[in-house]
Amino acid sequence: MWKELKKNQLVKYGAVTTVSTIMPFVSKPGYVLLRKWIAGGICRSRAKLHGRTVVITGANTGIGKETAWDMAMRGARVIMACRDLSRGEAAATEIRSSTGNTNVVVQQLDLASLGSVRQFAREFIATETRLDILINNAGIMLCPKSFTVDGFESQFAVNHLGHFLLTNLLLDMLKASTPSRVVNVSSIAHQGGKIHFDDLNFDKKGYNSVIAYKQSKLANLLFSRELARRTKGTGVTSYSLHPGVIRTELWRHSQSKYPTLSSMLSAPAWLLMKTPREGAQTTIYCAVTEGLEEKSGCYFSDCQVKEPAPEGRDDLAALRLWGVSAGQVGLNKNN
């Protein structure tokens, strides 16, 4: 694994060095074309969402914030589910001001705590009348090994288990608001991933943040796929996606772990990575584009359907993951 990581770093270094070298010689039209290629697909739907309610996890920063801004622009009631209320309220104030939509609210949600997820769901069901779009966006990446208050490995817990429980607790409201959608932000990192059913917390083997992250992103995709199977015919549809490589706070752990690589990437990162607004396009596409109902369970990238890696098409693993996840979060008829 170390050799693979070292090789990946060399590839990144080569890309950065090449771009840094040739940039002084790139013409303005060439630069525009390069940026357009990096930006990828754009959601061109003009769908309005007046009278609709959208929940977005991790909505105070990065692509979550850009998604919230877009939903607000379309007229939706936007519930920004954030761990940090002060940062969430600051982002909401900015969105209200720039969109003119005052129907943007912040509610606390800490995906690292199953208790917090249940509390959010209880309050939402008690105070809201509908849920049209649930966007499971929040996540962490490549962080050092740590455990949540419930004893789960943090990346698997925050990226998958919290969203799994949240979606299931809100599923009846989604069904009552049909047609409704669940959008799960996964990643191309699912490729080569594996659900370590015999050691989800990496207690038996050495912890590797990359392997743990890949497991969590594969879990997002498999969950979305199994959710689509279970909700077929109900009016609820489910989609997973790769947003692209984006310059956001999600990189903070890798920057501290690989400071040399971080310093090499910092200058040209604006060129090599998508902006948060560009990165949010596929999420928005899956949330609002008309006629996607027949694509429930599919995986998207750059605003179009893409074939996931073989491990992302393993329906038996998806079914098994659902059962294991339900047991871990204590999901039952009384939740």
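Round to the nearest 0.05 the FRET efficiency obtained for Ala326 and Asp203 when R0 = 25 Å and r is the Cβ-Cβ distance.
FRET efficiency, Ala326 to Asp203: 0.75.
For a label point 7 angstrom out from the Cα of Glu293 toward its Cβ, which stretches of the range 157-183 have the backbone nitrogen within less than 13 Å?
Output list for this probe position: 178-181.
Given labels modelled 7 Å from the Cα in the Cβ direction, how far is it in nm from Phe147 to Thr178?
Spacing of the two 7 Å Cα→Cβ label points: 4.1 nm.
Could you give the nm distance between label points at Asp315 and Lys194, where each point is 7 Å from its Cα heading toward the beta carbon?
2.4 nm
At 7 Å along the Cα-to-beta-carbon direction for both Arg130 and Arg230, put a label point, then send me their distance in nm to one decimal.
2.5 nm
State which entries of Lys214/Lys306; Lys48/Lys274; Lys48/Lys295; Lys48/Lys175; Lys65/Lys145; Lys175/Lys274 exceed 24 angstrom in Cα-Cα distance in the structure shown.
Lys48/Lys274; Lys65/Lys145; Lys175/Lys274
Out of residues 5 or more away from Arg52 or on other chains, whose amide H comes under 5 Å of its own, with H placed 1.01 Å from N in the peptide plane?
Arg77
Provide Val149, Val55 ordered by accessible surface of protein heavy atoms (probe 1.4 Å), highest first.
The ranking, largest first, comes out as Val149, Val55.
Please list 160-172, 203-215 highest first by mean number of surrounding beta-carbon atoms within 10 Å per residue. Before the final figure, lay out the partial values.
Values: 160-172: 22.8, 203-215: 16.0.
Going by the mean number of other Cβ atoms within 10 Å, highest first, we get 160-172, 203-215.
With both partners inside the range 46-175, how many of the DSSP beta bridges are antiparallel, as a percent to the nearest 5?
Numbers: 1 of 14 bridges.
So the antiparallel bridges amount to about 5 percent of the total.
If amide hydrogens are placed 1.01 Å from N in the peptide plane, which non-local residues have theirs closer than 5 Å to the one on Val245?
Sorted by chain and number, the residues that satisfy this are Lys274.
Report, to the nearest whole %, how much of the accessible area of the range 71-153 belongs to carbon and sulfur atoms, 1.4 Å probe, protein only.
Carbon and sulfur together cover 51 percent of it.
Using modelled amide H (1.01 Å from N, peptide plane; none on Pro or chain starts), what sits under 5 Å from the amide H of Thr237, excluding residues fewer than 5 places away?
Ser180, Arg181, Val182
Please give the contour-minus-distance gain from Val245 to Val105: 0.36 nm per residue of separation, less the Cα-Cα distance, rounded to one decimal in nm.
47.6 nm
For Glu311, Glu123, what's the largest-to-smallest order of accessible area, 1.4 Å probe?
Putting Glu311, Glu123 in descending order of accessible area: Glu123, Glu311.
From the backbone phi of the range 136-151, what are the Karplus-calculated ³J(HN,Hα) couplings (6.51 cos²θ - 1.76 cosθ + 1.60, θ = phi - 60°) in whole Hz, Gly and Pro given as x?
Each residue of the range 136-151 in turn: 7, 9, 4, x, 10, 9, 6, 7, x, 4, 7, 10, 7, 4, 8, x Hz.
On a straight-distance basis, which aspartates and glutamates could pair with Lys217 in a cross-link, Cα separation under 16 angstrom, same-chain partners fewer than 8 positions away excluded?
List returned: Glu153, Glu226, Glu307, Glu311, Asp314, Asp315.
Just to check I understand the Karplus step: with θ = phi - 60° and J = 6.51 cos²θ - 1.76 cosθ + 1.60, what whole-Hz values come out for the range 52-67, glycine and proline as x?
Going residue by residue, I get 9, 10, 10, 10, 10, 7, x, 8, 8, 8, x, 5, x, 5, 5, 5 Hz, with x marking Gly and Pro.
With a 1.4 Å probe and all protein chains kept in place, how do Ser98, Ser238 rank by accessible area, largest first?
Numbers: Ser98 70, Ser238 0 Å².
These residues rank, largest area first, as Ser98, Ser238.
The values are calculated or read from the model by the stated rules, or taken from the named source; none is laboratory data. Just so you know, these numbers come straight off a predicted model, no measurement behind them. All Cβ positions, even for glycine, are placed from backbone atoms using ideal geometry, and neighbour counts span all protein chains on display. The accessibility values were calculated without ligands, DNA or RNA, using every heavy atom of the protein model including side chains. Shrake-Rupley method; radii C 1.70, N 1.55, O 1.52, S 1.80 Å.
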